[in-house]
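So the structure is just underneath, and the comments pick up after that.
Laboratory data are not the source of any read-out in this text; all were calculated from the coordinates shown. All values derive from a computational prediction rather than experimental measurement. So basically every Cβ, Gly included, is an ideal-geometry build from the backbone, and we count neighbours across all protein chains shown.
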Amino acid sequence: MSTVQYSAADAFGTKITMSAMPEQGIIKTITVTDLADQGAAFDLLLFNADITGGTNNAAFDMADADASKFVGHIVVVAGNYATLNDNSVATQNDINIAYVLPGGEMTIQCVQRGTPTYAVGDVVFRLTIDVG
């Protein structure tokens, strides 16, 4: 991620490929740490195969060919952040997105919904998955 200001609908980083994932599961929770204390809303778009990812800090438009790979999306809203002295954290429970990954690989594209300024590594998210 760059240290310039994002615009709403910009790709928030490049696509993320998560390999060696359980082939089936339910995404239950997302936890976010924001070291820049921007508390900006963003979406995680989830796909069950590789996609044409966006360019960081440029408007993201999903390729039509990737629409059939779309599994769901997670919305992180600004109101979910707890603001601390110089950083913030957010947790969103009860997401409940079921997925099937034929190749055990999930691709994620984050899309910014606010206008924050971030440096590389300022935002980290973790997903909790139920494979029961």
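Laid out as a table, the results:
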item: Test result for Thr17, touching a residue at least 60 places away in the same chain (Cβ under 8 Å), closer than 19 Å to Val4 by Cα, of a type in the set (Ser, Thr, Tyr) and surrounded by 14 or more Cβ atoms within 10 Å (Cβ to Cβ); result: no
item: Residue satisfying condition, being closer than 23 Å to Val4 by Cα and either in contact (Cβ under 8 Å) with a residue 24 or more places away in the chain or not β-branched (Val, Ile, Thr) (or both), within set Val131, Val120; result: Val120
item: Where a residue in the stretch 54-78 is over 25 Å from Ile95 (Cα atoms) and in contact (Cβ under 8 Å) with a residue 24 or more places away in the chain and its partner, wherever it lies, is of a type in the set (Val, Ile, Thr) and outside any helix (DSSP H, G or I), with Cβ under 8 Å and at least six apart; result: Thr55/Thr14; Asn56/Thr14; Asn57/Val4
item: The stretch 2-17, residues that are at negative phi and part of a loop (DSSP other than H, G, I, E, B); result: Ser2, Thr3, Val4, Tyr6, Ser7, Ala8, Phe12, Thr14, Lys15
item: Answer from Ala36, Ala20, Ala67 - the residue that is within 14 Å of Asp122 (Cβ to Cβ), aliphatic (A, V, I, L, M) and either in a helix (DSSP H, G or I) or over 12 Å from the mean Cα position of the chain (by Cα) (or both); result: Ala36
item: Test: residue in the stretch 53-61 that is part of a loop (DSSP other than H, G, I, E, B), over 23 Å from Gly121 (Cα atoms), touching a Leu at 6+ places or on another chain (Cβ under 7 Å) and charged (D, E, K, R); result: no
